[in-house]
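Quick notes on the structure that follows.
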Amino acid sequence: MNDITLRSEVKPEDCRIVREIIESTGYFGSHEVDVAVELVEENLKKGEVKSGYYFLFAEENGKTIGYTCYGEIACTIGSFDLYWIAVSNDVRSKGLGSLLLIETEKKIREMKGRAIYIETSNKELYQSTRGFYLKNGYSEAAVLDHFYAENDGKVIYRKFI
């Protein structure tokens, strides 16, 4: 990864870019992709504070290749959800995801965050995702069987920062 720059400002073209990044992973259905784009649209419409959706984009040589979306969990003090972390499929396994996660954790700490929660599926397809969270210092906090669908449970990871 050369010449990676980070930005927090959301731009109108990020709707298309987020869709492309999420679709490139091969992990998500069309309804999930639509939700990812809706969060960008919500930020553009209301701003990050009113929408509650904050973003960090990674760019290489001017091209956006990964991003995170996060926000404080309602009715908590300092607990944050990491809603999305995704990198373009052609740059996977090169350390960009870890870089984005570390930098997002810094942003959350600056916002007086004390804990980050991440959820993912327990399907075999997401084994590498679960390993990624563990490798980056997150611990398994809960498993909710059959959450998303029959035989598709939710695994919740947590890290105190």
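Below are the figures for this structure:
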read-out: Qualifying residue in segment 75-90 (condition: outside any helix (DSSP H, G or I), among the aliphatic types (A, V, I, L, M) and farther than 27 Å from P12 by Cβ); value: yes
read-out: Hits in segment 61-119 - residues which are in contact with an Asp or Glu (Cβ under 9 Å, 6 or more places away or on another chain) and acidic (D, E); value: E72, D81, E119
read-out: Every residue from segment 47-80 that is under 20 Å from R19 (Cα atoms) and among the charged types (D, E, K, R); value: E48, E59, E60, K63
read-out: Selection from segment 30-51 of residues that are of a type outside the set (D, E), surrounded by fewer than 16 Cβ atoms within 10 Å (Cβ to Cβ) and under 16 Å from the mean Cα position of the chain (by Cα); value: V35
read-out: Given (1) under 17 Å from the mean Cα position of the chain (by Cα); (2) at pLDDT 95 or above, index of the condition S128 fails; value: (2)
read-out: Tally, over segment 10-22, of residues that are crowded, with 17+ Cβ neighbours inside 10 Å and not hydrophobic (A, V, I, L, M, F, W, C); value: 1
read-out: Long-range neighbours under 9 Å by Cβ, at least six apart or interchain, first residue more than 13 Å from A115 (Cα to Cα) and at pLDDT 95 or above within segment 138-161, second of a type in the set (V, I, T) and surrounded by fewer than 12 Cβ atoms within 10 Å (Cβ to Cβ); value: G153/V143; K154/V143; V155/V143
read-out: Selection from segment 104-125 of residues that are crowded, with 16+ Cβ neighbours inside 10 Å and either in a helix (DSSP H, G or I) or touching a Pro at 6+ places or on another chain (Cβ under 8 Å) (or both); value: T104, E105, K107, I108
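For (1) in contact (Cβ under 8 Å) with a residue 60 or more places away in the chain; (2) closer than 24 Å to I4 by Cα; (3) not charged (D, E, K, R), each residue gets a yes or a no:
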{"position": "D34", "(1), (2), (3)": "no, no, no"}
{"position": "L44", "(1), (2), (3)": "no, yes, yes"}
{"position": "G47", "(1), (2), (3)": "no, no, yes"}
{"position": "Y53", "(1), (2), (3)": "no, yes, yes"}
{"position": "A86", "(1), (2), (3)": "yes, yes, yes"}
{"position": "L96", "(1), (2), (3)": "yes, yes, yes"}
{"position": "I108", "(1), (2), (3)": "no, yes, yes"}
{"position": "G113", "(1), (2), (3)": "no, no, yes"}
{"position": "Q127", "(1), (2), (3)": "no, no, yes"}
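The values are calculated or read from the model by the stated rules, or taken from the named source; none is laboratory data. What you see is a predicted model, and the numbers here were worked out from it, not measured in a lab. Ideal geometry is used to build each Cβ from the backbone, glycine not excepted, and the neighbour counts take in all protein chains shown.
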